[in-house]
Amino acid sequence: MTTHTEVFDESRLVELREQLPIRPWRSKPRRFTWSVIIASLAPAVFVGLLYVFADIPGALLLVAVYLPVQIFASGLAAYVTRGTRGIADSVIIVNAIGATVFTGIILASLLGSLIIRGWAALSAHFIFQNNVYINPSTPLEYGGIGHAILGTFLIVLISAVIAVPIGIATAVYITEVRGRAVPYVRFFVQAMSGVPSVVAGLFILTTLVVTGALSQSALAGGLAYAILMLPTVARTAEEVLKLVPEELRTGALALGSTRSRTVFRVVLPAAKTGIITAIILGIARVIGETAPLLLAAGNADQTVVNPTGSPISSIPTYIFNNVALPYPDAVTRAWGAALVLIVLVAVLFTLARVIGARKPGR
Amino acid sequence: MSTSEFEEIIVLEEQLIEAEATAPRPVELAAQDVSVWFGKRKVLEGVSIDFPKNTVTALIGPSGCGKSTFIRTLNRLHELIPGAALAGQVVYEGQDIYSKDVDPVHIRLKIGMVFQKPNPFPSMTIRGNVLSGLKLSGMKRSGHDEIVEETLTKAGLWKEVKDRLNHAAGDLSGGQQQRLVIARALAVNPHVLLMDEPCSALDPASTLKIEETIRDLSSSVTIVIVTHNMQQAVRVADNTAFFLASENEPGHVVEQGVTTDIFGNPQDQRTLDYVNGRFG
């Protein structure tokens, strides 16, 4: 650099220092936070030694030794750095971080066990092939869950096509139309959300499949799913429509808008992100449900595209059929299928969020 | 045309403009003996005000005296509140807007409104907001680009937003949003514009711009404005009506008339006290 000066220039140093960004609010709390975190983690070493050298169960150590010592240590650290008021802060910080870490550990262990047990089953043919010619003792080099993935997609699509419009219409009736039947509609939606999934499957089985109106198929399975999805979509959509400010409705009406145009062009678009959340929650409610599909959709080894004609497989029923078999490869396939299901759900939801987060215009 | 004839035209035209300015204007909108209830509580009693064509009428009075309630009866927004009731007539173009064969949607299209809190539609762009009235009311008007420029210019917002018409309306500041909703209200060509404290959430500069807008608009639109700002009433309004509600009594109009009379020479002691800031 050319601006280097040979002689020490103190005023230049002061000037340069003044240009540094200063964040006065940072310095103290950071020291506080760090000392509390270190103080709450330090007992882990002590407890770890106890666990290794003394014969005490880990859970007991965690609850009876680690947690009390941790609370005390972090409280002490908070008292030293900030006085009495720091103690309350530290309790909240330690508990919040603890709860977050706990949730994270549960999620990670769930995902971890899926990956550990199911990873061996994953391969390109596992995603694309079907289960024809495969029996439980067939090695993992052959067969896959392509037919089950397609089945799940088909069934969830059918149920969403049925339940999402009805669910949103129900929410619109409750929050926008505000007709006389609102308390009854609300009551029914609430009652519906308590229906056990197996009952939804039984209902479709007895009313449509046994009577011969439909065979076990994607459509029958989708109808059973729709019963479960509808109340979730309706209630979530109702909550998000309630959040749309009343001023937007009166604003639209004051422009000479009809009720229906107000709903479709102003209220629903304003609640778009929330509506997408409602759809996501509805799909999440059903996508892992097994019982309704065992009853209404049946099972198949081959790839089925026809939504009405024949029984169809899905990821949950595939898992159900394989996980209890006395063949290790079949069990691995079931874990692999569960891993695929979770990844599918994650991809689907991320996609929906990205679409929903788009702002109007550029 | 000779020079003298030319001069004569100029003189005659001036006389015409003068005559038009002083001639009594026809009444466009009139409230006749309007009383309002919420549930069993009567909040307004016997309000009769004429709104002459292309004038600005200010409604002033302390909080809770029913000004906002009254202004919402003028375009049938009042009836949207559960438990609302109304007696009397609101006559627009010779017809009671509350009579059975009148469609409120049609009335609201002719009698637009700007609210206290700016309420642009968050799902639309700036341009989309200006044109939203056309879409929402199903009105056909050609030349959308011209409408956008013209109404935004009238609302005093064009220069600030002309380069970002396709941005989300929510990105604008509060004052800009308020001017945007004024442009939105103008895009459907209303004959009457109701403004419920349009400047209460704005800074002085934005307020001044909106007052200029109101003055400009008053040559083509009949304006009713609720305001708590007495200087604003003096600055923009041709006529003023003073509302007052005593304790546990419904609100009513104490005095109404030409603005200069209400503020300069009020007949009622309460009006005198109020406009001089002695209560309220």
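The values are calculated or read from the model by the stated rules, or taken from the named source; none is laboratory data. Bear in mind the structure is a predicted one, so any value in this text is a computation, not a measurement. Cβ sites come from the backbone with ideal geometry, for glycine too, and all protein chains shown count toward neighbours. For the accessible areas, the whole protein counts, side chains as well, though only heavy atoms, and no ligand, DNA or RNA atoms are used. Shrake-Rupley method; radii C 1.70, N 1.55, O 1.52, S 1.80 Å.
Odds and ends about this structure:
- Failed condition for B:Ala237, given (1) of a type in the set (A, V, I, L, M, F, W, C); (2) over 30 Å from B:Phe38 (Cβ atoms); (3) within 17 Å of the chain's Cα centre (by Cα): (2)
- Among the residues of region B:133-142, just one is modelled with pLDDT of 90 or more and either more than 8 Å from chain A (Cβ to nearest Cβ) or in contact with a Pro (Cβ under 8 Å, 6 or more places away or on another chain) (or both), namely B:Leu134.
- Residue ID - least open to solvent (accessible area, probe 1.4 Å), chosen from residues in region A:202-217 that are within 18 Å of A:Glu289 (Cβ to Cβ) and among the aliphatic types (A, V, I, L, M): A:Ile204
- The single residue among B:Val130, B:Val105, B:Val90, B:Val114 that is at negative phi, touching a helix residue (DSSP H, G or I) at 6+ places or on another chain (Cβ under 8 Å) and at the interface with chain A (Cβ under 8 Å from one of its Cβ atoms) turns out to be B:Val105.
- Every residue from region A:227-263 that is over 26 Å from the mean Cα position of the chain (by Cα), in contact (Cβ under 8 Å) with a residue 24 or more places away in the chain and within 14 Å of A:Ile168 (Cβ to Cβ): A:Val263
- Per the listing A:Val345, A:Val304, A:Val340, the residue uniquely under 17 Å from A:Thr152 (Cβ atoms), in a loop (DSSP other than H, G, I, E, B) and either open to solvent by less than 50 Å² (accessible area, probe 1.4 Å) or not assigned by TED's automatic domain parsing to the domain that holds A:Ser217 (or both) is A:Val304.
- When B:Glu93 is tested against (1) in contact with a His (Cβ under 9 Å, 6 or more places away or on another chain); (2) open to solvent by less than 60 Å² (accessible area, probe 1.4 Å), just one condition goes unmet, and that condition is (2).
- Among the candidates A:Pro328, A:Pro360, residue that is free of Cβ contacts under 8 Å to residues at least 12 places away in the same chain, of a type outside the set (Asp, Glu) and surrounded by 15 or more Cβ atoms within 10 Å (Cβ to Cβ): A:Pro360
- Every condition in (1) facing another protein chain (nearest Cβ under 7 Å); (2) of a type outside the set (Ser, Thr, Tyr); (3) part of a helix (DSSP H, G or I); (4) free of Cβ contacts under 8 Å to residues at least 12 places away in the same chain is met by A:Val266 except one, and the failing one is (4).
- Check on A:Ala352, open to solvent by less than 50 Å² (accessible area, probe 1.4 Å), at pLDDT below 90, touching a helix residue (DSSP H, G or I) at 6+ places or on another chain (Cβ under 8 Å) and in a helix (DSSP H, G or I): yes
- The one condition from (1) of a type outside the set (S, T, N, Q); (2) touching a residue at least 40 places away in the same chain (Cβ under 8 Å); (3) surrounded by fewer than 21 Cβ atoms within 10 Å (Cβ to Cβ); (4) not in a helix (DSSP H, G or I) that A:Gly143 does not meet is (3).
- In region B:139-168, the residues that are under 20 Å from B:Leu208 (Cα atoms) form Cβ pairs under 8 Å with partners that are in a helix (DSSP H, G or I) and of a type in the set (Ser, Thr, Tyr), at six or more places apart or across chains, as follows: B:Lys154/B:Thr213; B:Ala155/B:Thr213; B:Gly156/B:Thr213.
- Looking only at residues in region A:167-201 that are open to solvent by 80 Å² or more (accessible area, probe 1.4 Å) and under 27 Å from the mean Cα position of the chain (by Cα), the one that is nearest to A:Val340 (Cα to Cα) is A:Gln190.
- Candidate set from region B:49-81 (those that are more than 17 Å from the chain's Cα centre (by Cα) and of a type outside the set (Asp, Glu)); member that is nearest to the other protein chains (Cβ to nearest Cβ): B:Leu80
Condition check ((1) of a type in the set (Gly, Ala, Ser); (2) closer than 21 Å to B:Gln32 by Cα; (3) at pLDDT 90 or above; (4) crowded, with 16+ Cβ neighbours inside 10 Å) across all residues:
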site	(1), (2), (3), (4)
B:Phe243	no, yes, yes, yes
B:Asn248	no, no, no, no
B:Pro266	no, no, yes, yes
B:Gln269	no, no, yes, no
B:Asp273	no, no, yes, no
B:Asn276	no, no, no, no
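- Residues within region A:241-262 that are more than 10 Å from chain B (Cβ to nearest Cβ), surrounded by fewer than 20 Cβ atoms within 10 Å (Cβ to Cβ) and part of a helix (DSSP H, G or I), tallied: 2
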